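**Student:** Sending over a structure as structure tokens; questions will come in a sec.
The values are calculated or read from the model by the stated rules, or taken from the named source; none is laboratory data. Every value quoted in this text rests on a predicted model; they were computed, and no experiment measured them. As a convention, Cβ positions derive from the backbone with ideal geometry for all residues, glycine included, and neighbour counts pool all protein chains shown.
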Amino acid sequence: MAKKNRKNEQLPEGMSRRQAKLAARAAEREALQKDPRPYAGLVAEADLVALQEFVPSAVASLEVKGTPVNIVTVLPGAVAAMVRDDDDARFVALQTQARSQNPGRDLAFALNWVLEAKPGDSLSSGVADGTQPKITELIEADATLEISEYDDFNWWFSNASGMPLEIQQMLQRANDSVIPSRQVEKDLPGSIWWVNPGGGKAHIRWIRTEDNETDMLNALARIGARGELNLGEGTKFAGAFRTHGVVVPVFDLDPEVEHDSYGDALQALNDAIEKEYANDAQLSAEERRQLENIKSRQVTI
């Protein structure tokens, strides 16, 4: 086998061959390193987590470098981004067919792509390749998302009824899969979503963005030990998710009760959480039992 002709190697300016190899390996390690909180530093962190992990059909509008962009749950074919060919509307999806372990970088990659994309273009894979800017260079740290939730995916098209029959059939199959979901109590911390998957129970999932997970779980344990970790009569604490570095308490609900009827209970529970989160006292025996129970039912996604 012929030896590689090193004279034709293109090395970064000012680097020896060894330095170039070390730099390449460092770049590979950086690409594989997981961001513990991919959306940290953004006011919209909790909403982005909700749209990526829990919400079936929703659109959030914001401006990226002066260009209107829609950050959405999912797009046709689970592509990462697209520009509609009839109205130049730009969409970037959080639930995609291909993604890395660093969704914040993937989102930055897709947002950066969609800014220059042409009508009719689509991005099949939004896996970040290292060329993307930081997410905080594209989404302002204090930017909030104006979210519209839907019971269908008709928003994929500017005129869904005018689509060819095969497209309408595909759209109907997608619409049939949508689980009713509603955002509730936007004035409270985090992002709170009601969902009714059927089967006799509805749920509220509350994405919290406290910095210290241990203190957050301790707070829930203290409230649980008092028998107050619920949202009122007919509700109960079901457990907690861990995702993207944040804790998501989940509550079981009566599906016949309206999603917007939990405002007072959510406010009271938030007051208790904030008070206990700041409590650095040792847990009592009952509180420790509650904590172990919470941890035993905790699911990481």
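**Student:** Looking at the range 123-142 only, could you name the residues that are surrounded by 13 or more Cβ atoms within 10 Å (Cβ to Cβ) and not small (Gly, Ala, Ser)?
**Tutor:** Leu123, Val127, Gln132, Pro133, Ile135, Thr136, Glu137, Leu138, Ile139, Glu140
**Student:** Can you find, within the range 191-229, the residue that is nearest to Asp151 (Cα to Cα) among those that are surrounded by fewer than 20 Cβ atoms within 10 Å (Cβ to Cβ) and basic (Lys, Arg)?
**Tutor:** The qualifying residue nearest to Asp151 (Cα to Cα) is Lys201.
**Student:** Using the structure shown, decide if Gln168 is surrounded by 11 or more Cβ atoms within 10 Å (Cβ to Cβ), assigned to a helix (DSSP H, G or I) and modelled with pLDDT under 95. If you could, list the steps in order and put the result at the bottom.
**Tutor:** On the way: surrounded by 11 or more Cβ atoms within 10 Å (Cβ to Cβ): yes; assigned to a helix (DSSP H, G or I): yes; modelled with pLDDT under 95: yes.
Against the criterion (surrounded by 11 or more Cβ atoms within 10 Å (Cβ to Cβ), assigned to a helix (DSSP H, G or I) and modelled with pLDDT under 95), Gln168 qualifies.
**Student:** Another one. Considering only residues that are part of a helix (DSSP H, G or I), charged (D, E, K, R) and in contact (Cβ under 8 Å) with a residue 60 or more places away in the chain, which ones fall in the range 210-258?
**Tutor:** Residues satisfying the conditions are Asp215, Arg222.
Let's see how each residue does on (1) over 21 Å from Glu213 (Cα atoms); (2) modelled with pLDDT of 95 or more; (3) out of contact with any Leu (no Cβ under 9 Å at 6 or more places or on another chain):
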{"site": "Asn230", "(1), (2), (3)": "no, yes, no"}
{"site": "Ala240", "(1), (2), (3)": "no, yes, no"}
{"site": "Val247", "(1), (2), (3)": "no, yes, no"}
{"site": "Pro255", "(1), (2), (3)": "yes, yes, yes"}
{"site": "Ser261", "(1), (2), (3)": "yes, yes, yes"}
{"site": "Ala265", "(1), (2), (3)": "yes, yes, no"}
{"site": "Leu269", "(1), (2), (3)": "no, yes, no"}
{"site": "Ile273", "(1), (2), (3)": "no, yes, no"}
{"site": "Asn279", "(1), (2), (3)": "no, yes, yes"}
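**Student:** Scan the range 64-99 for residues that are free of Cβ contacts under 8 Å to residues at least 40 places away in the same chain and either touching an Asp or Glu at 6+ places or on another chain (Cβ under 9 Å) or not in a strand (DSSP E or B) (or both) and report the count.
**Tutor:** Here the count works out to 10.
Here is a yes/no grid of residues against (1) more than 17 Å from the chain's Cα centre (by Cα); (2) part of a loop (DSSP other than H, G, I, E, B); (3) not basic (Lys, Arg):
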residue	(1), (2), (3)
Val114	yes, no, yes
Pro119	yes, yes, yes
Ser125	yes, yes, yes
Asp129	yes, yes, yes
Gln132	yes, yes, yes
Ile139	no, yes, yes
Trp155	yes, no, yes
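**Student:** Would you mind finding the one in Leu269, Leu291 that is under 20 Å from Arg182 (Cβ atoms) and either among the small types (Gly, Ala, Ser) or in a helix (DSSP H, G or I) (or both)?
**Tutor:** That would be Leu269, the only listed residue that is under 20 Å from Arg182 (Cβ atoms) and either among the small types (Gly, Ala, Ser) or in a helix (DSSP H, G or I) (or both).
**Student:** Here is a further query. Of these, Gln290, Gln282, which one is farther than 22 Å from Pro189 by Cα and surrounded by 18 or more Cβ atoms within 10 Å (Cβ to Cβ)?
**Tutor:** The unique qualifying residue is Gln290.
**Student:** Look through the range 116-132, keep the residues that are of a type outside the set (S, T, N, Q) and in contact with a helix residue (DSSP H, G or I) (Cβ under 9 Å, 6 or more places away or on another chain), and return whichever of them is nearest to Asp88 (Cα to Cα).
**Tutor:** My answer is Asp121.
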